[in-house]
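Enquirer: Handing you a structure now.
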Amino acid sequence: MNDELKDQIGHILQFPIGQLPIRYLGVPLISSKLKKDHCQDLIAKITKRITSWNSKFLSFGGRVQLISTVLFSIQNYWASMFILPKSILKEIENFFRRFLWTGDVDKNHGANIAWDKVCKAKKEGGLVFKDVHQLNSILNLKHIWAIVQPEPHSLWIKWIQTYMLKQRSIWDVNPLLSVLGIGGNS
């Protein structure tokens, strides 16, 4: 739309005219692939939570509990909306690892046990932490489920079908599927 019409609508509705990315419910609204720069608020939020707890006085069990409840929920919120960049997932995992073993995000003494073993079930000697890379893919499968439904019920799904898929089947679009680790046809 032209600038004059945009200004008129903004004036009538009393909305300021903005540009993407903007923040909505704590996450960036963007029309492109999520980049590392867009995730700095996520990293800052996790770091702030870790540093806000007086970690010197937390027991190992207390750190385990805080990681599995609070820190993973912050990461899950973003991961359920976006395919997070691998570098961000690695950074988050490093924060979790450092906090677990040292009680701090900056100290990096060598871990007592490999992180993949910590992520195993308790029966297998682990602490039942989730693998953040795998979890991000799993949480994003709900978007594919919404897209393949016969009747799209959200504006976002209609936008995806019109502008991203261009009325093609999602199974024919390799880039999205390869990011989620699912094979495609063409």
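The values are calculated or read from the model by the stated rules, or taken from the named source; none is laboratory data. None of the values given here were measured: they were computed from a predicted structure. Methodologically, a virtual Cβ is constructed for each residue, glycine included, from the backbone with ideal geometry; neighbour enumeration extends over all protein chains shown.
Residue-by-condition table, conditions (1) under 30 Å from residue 161 (Cβ atoms); (2) not polar (S, T, N, Q):
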residue	(1), (2)
3	yes, yes
10	yes, yes
15	yes, yes
20	yes, yes
47	no, no
50	no, yes
83	yes, yes
88	yes, yes
93	no, yes
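Enquirer: Ok, one more. Can you tell me which residues in the range 98-157 are among the acidic types (Asp, Glu) and within 19 Å of the chain's Cα centre (by Cα)?
Expert: 131
Enquirer: Then there's this: Considering only residues of the range 132-169 that are among the polar types (S, T, N, Q) and not in a helix (DSSP H, G or I), which is nearest to residue 46 (Cα to Cα)?
Expert: Checked the range 132-169; the qualifying residue nearest to residue 46 (Cα to Cα) is 154.
Enquirer: Just to confirm my filter: which helices (runs of 4 or more DSSP H) fall fully inside the range 21-107 and include at least 1 residues that are outside the structural domain of residue 160 (by TED's automatic domain parsing) and over 17 Å from residue 135 (Cα atoms)?
Expert: The helices (runs of 4 or more DSSP H) meeting that bar are 40-52, 60-66, 86-102.
Enquirer: Would you tally the residues in the range 98-124 being more than 16 Å from residue 61 (Cβ to Cβ) and modelled with pLDDT under 90?
Expert: Number of matching residues: 16.
Enquirer: Select, from 82, 60, 129, 99, the only residue that is in contact (Cβ under 8 Å) with a residue 60 or more places away in the chain and of a type in the set (Phe, Trp, Tyr).
Expert: 129
Enquirer: Also, quick follow-up: One residue is enough: does the range 30-38 have a residue meeting the conditions in contact with a Ser or Thr (Cβ under 6 Å, 6 or more places away or on another chain) and closer than 17 Å to residue 75 by Cα?
Expert: So far as the range 30-38 goes, yes, one or more of its residues are in contact with a Ser or Thr (Cβ under 6 Å, 6 or more places away or on another chain) and closer than 17 Å to residue 75 by Cα.
Table: residues versus (1) exposed (fewer than 13 other Cβ atoms within 10 Å of the Cβ); (2) of a type in the set (Asp, Glu); (3) at positive phi; (4) within 18 Å of the chain's Cα centre (by Cα).
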| residue | (1), (2), (3), (4) |
| --- | --- |
| 16 | yes, no, no, no |
| 37 | yes, yes, no, yes |
| 67 | no, no, no, yes |
| 75 | no, no, no, yes |
| 84 | no, no, no, yes |
| 88 | no, no, no, yes |
